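The values are calculated or read from the model by the stated rules, or taken from the named source; none is laboratory data. Predicted model only: the values in this text are computed from it and were never measured. Cβ: placed from backbone, ideal geometry, glycine included. Neighbour counts: every protein chain shown. Surface accessibility is based on the protein's heavy atoms, side chains included, excluding ligands, DNA and RNA. Shrake-Rupley method; radii C 1.70, N 1.55, O 1.52, S 1.80 Å.
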Amino acid sequence: MTDVVTTRDQDGIRIITLNNPPVNALSVAVVTGLRDAVAAAEADGSVTGMVVTGEGSAFIAGADIREFGKPRPKDAPLLHDVLDGFDAISKPLVAAINGVALGGGLEVALGCNYRVAGHKALVGLPEVNLGIIPGAGGTQRLPRLTGAETALDMITSGKPVRADKAAALGIVDAIADSDVVGDAVEFAKARAAEGGPYQRVSEKDDKIADDRGNAGLFENWRKKIARSARGFDAPWACIDAVEAAVNLPFAQGREKEREIFTGLVNGDKAAAQRYAFFGEREVARVPDIPKDTPVAKIDKVGIIGCGTMGGGIAMNFLNAGIPVTVLEIEQAALDRGLATVRANYERSVKSGRFTAEQVDERMARIEGTTDMGAFADVDMVIEAAVEKMDVKKQVFAKLDETCKPGAILATNTSTLDIDEIASATSRPEAVCGTHFFSPANVMKLMENVRGAKSSKETLATVMAVAKKIGKVGVMVGNCDGFVGNRMLYAYTRQANFLLEEGALPAQVDKVIYDFGFPMGPFQMSDLAGIDVGYYVREERDKRFGLTDKRTSKIADRLFEMGRYGQKNGKGWYLYDETTRARTSDPAVEALILEESGRLGIERREISDQEILERCLYPLVNEGARILEEGIAARPVDIDMVWLFGYGFPRYRGGPMFWADLVGLPTVLERLEAFRKIDPDWIEPAPLLRELAGAGKGFKDFAK
């Protein structure tokens, strides 16, 4: 055996234990050791059966991510071959699922004759989230235990199920009382006493026999996932693989599964999804904040503002079990805000996400006030007031007087200077940005902004808070718009210029939607509010005075016409009062044509490809400047901001990862061409020129 697989005998049963901390992942050594241990037990005349289990609290949590991208030894066995070999053994093989059995872990269990699970076990096939399908028989064996419908649900969603449900679905044969391995040994002894032949999942047919006659089953599933799987390859491939399990003999189905798996695993989309998987974890580690930096305990939080944003922020903490005090200037606004929070929760009850009791528990943790003195004992305050510098400085000056020493003073500003806000206090080391995204109780990004004087302890604490409340925290530097909105300006600016030059909102939005975003820039503007965008631009103009550069005034004119977006039924589009369905408005088209004429621009036909490049390449270019300036420490920080805050398609990895796939020389060449159209705003970043000239990508960036 290898040092990661150990064996011992008990009453004639060989117990094979996998020990690859922390979660017994399927490294080459584990797979090799498992193969050899089973072969040795099969050859040993004193052994009547086998039990496979995992050391500690996990059975097998999947592939060993530490080996991703590394070359495999030429003689290393492949998991699917090892599991197919299990069908040839003559003794009962039982999986003792003592904890999580995910991905290859569940495939190992499915390759065994029987499965005994602990009460806390969790089983699933989450490979779809990495842009691939299960590749070691999971798509072929699971349907034979559960039927195609359940298998499709589990495999296309990647969602795991708990032991009791797994038993009800037929995935496991028994639930252990307390000693999983002990019960599995008894199970193996009983099967051995009965004599063979023993159940082989690959030979089961009863659960999928009826599915063969259900002609619409797989087409219905393709329709079912059409919206959620838009742009992805793996969910559709999962359906193809399960369909093969139903319609083909096992051996041929396995060949089809491997063919599909191999086609996906080396593709750009799978690479992007693996990058996103690792990136989400990488951004939690901030390069210049030591692991042993003290983290303050956050037991109570204050939030200023109980509107859409403040109420949404509060819900994150309530869900995490942290009491919240929310402040509003007027009692009526406070009452409305608290009512909205409850209404949001009650919608979750109707959808089945929460029970009524869970809602009551959460609402019991929130209290409202109109007196800032109530913040005297909180550990952290998050300000979500109006986006105006003078207002925020007044608020922070008052917080400085009110809050206890050591309390963190955070602002939810999306654009304003953190250092100027901190200057209103006597404790700038305790001030930082915690930029939530709307709706704050749903969106996963928390863009944490460091000020010039923010202490390491403050920054480490807000990163820990992000994790505690289920957010993806990304640490960024202080500048206009930080990372996300600063890049957004470059993107939406070009979208507006394209309207002046010949495009229309629906064309631009469709190109961006087809690329994979949930919506294009003009639909997004209507959703966020044209009035909100106007006030942000007004505030920025006061600070930066951008009148010497080209700007588009179409959105401003819409604001002046009282067109605020979805909130009042008319913006870039018209919205149905009942369904909220949008339609293009001839009045907006006329306004755009009028603006082109006023500017003396001769409109031209603009291709979809130009729209895509013109919107996204300047976005990438601004990301390069952000890296140069140290506002983001790594390209992955930028990519995770855009994946989790702005809907950049996960299967493209993020703007910087995607640019590497396109090729930086191509990006540079097109930016040079676009600079002739827009010399005010498009100038390739020095870093982009440097990397493109050296034949490198952002992946090679090192500050």
key: Lys, Arg +1 and Asp, Glu -1 on Cβ, resulting dipole of the chain about Cα centre, debye, nearest 20   = 160
query = With each pseudo-label sitting 7 Å past Cα toward Cβ, what's the Glu577-Ala356 distance in nm, one decimal?
reply = 3.4
request  = Sticking with the crude label model, points 7 Å out along Cα→Cβ, report the distance from Asp292 to Asp541 in nm, one decimal please.
outcome  = 5.4
Restraint check, Lys165/Lys510; Lys159/Lys570; Lys300/Lys456; Lys207/Lys256; Lys404/Lys468, Cα-Cα greater than 30 Å = Lys165/Lys510; Lys159/Lys570
remark   = If each K or R counts +1 and each D or E counts -1, the residues other than Val391 whose Cβ falls under 12 Å of its Cβ total 0
ask   = Within straight cross-link reach of Lys291, meaning Cα distance under 15 Å, which aspartates and glutamates are found once same-chain residues fewer than 8 apart are removed?
value = Glu282, Glu457
inquiry  = Report the Cα-based extents of the range 620-698 along its three principal axes, largest first, to the nearest Å.
reply    = 33, 26, 24
task = Please work out the average accessible area per residue across the chain, using the 1.4 Å probe convention, and give it in Å².
result = 42
request  = Starting from the Cα of Lys549, step 7 Å along the direction of its Cβ; do the same at Arg285; then give the gap between the two resulting points in nm.
outcome  = 3.6
query = Helix-derived [θ] at 222 nm for the chain: sum -39500 (n - 2.57) over DSSP H runs of at least 4, divide by residue count, nearest 500?
reply = -15000 deg cm²/dmol
request  = Ignoring everything but the protein chains, give the 1.4 Å probe accessible area of Ser426 in square angstrom, nearest 10.
outcome  = 90
inquiry  = Positive end of the dipole of the chain, charges at C-beta (+1 Lys, Arg; -1 Asp, Glu), about the Cα centre: which of Leu599, Val324, Gln273 has its Cα farthest in that direction?
reply    = Leu599
query = In degrees from 0 to 90, rounded to the nearest 10, what is the angle of the helix 180-194 Cα long axis to the longest principal axis of the chain?
reply = 40
task = Could you give the size of the charge dipole of the range 142-295 about its Cα centre, using +1 on the Cβ of each K and R and -1 on the Cβ of each D and E, expressed in debye and rounded to the nearest 20?
result = 480
query = Using Cα atoms only, what is the angle between the long axis of helix 635-645 and the major principal axis of the chain, expressed in degrees (0 to 90) to the nearest 10?
reply = 80
message = I need the shape label for the range 444-577. Rule: rounded when a/c is under 1.5, else prolate if a/b > b/c, else oblate, with a, b, c from the alpha carbon gyration tensor.
response = prolate
ask   = For Tyr535, Tyr575, what's the largest-to-smallest order of accessible area, 1.4 Å probe?
value = Tyr535, Tyr575
ask   = Taking the Cα centre of the range 594-690 as the origin and placing charges on Cβ (Lys, Arg +1; Asp, Glu -1), which of Trp642, Gly623, Val667 is farthest toward the positive end of the dipole?
value = Trp642
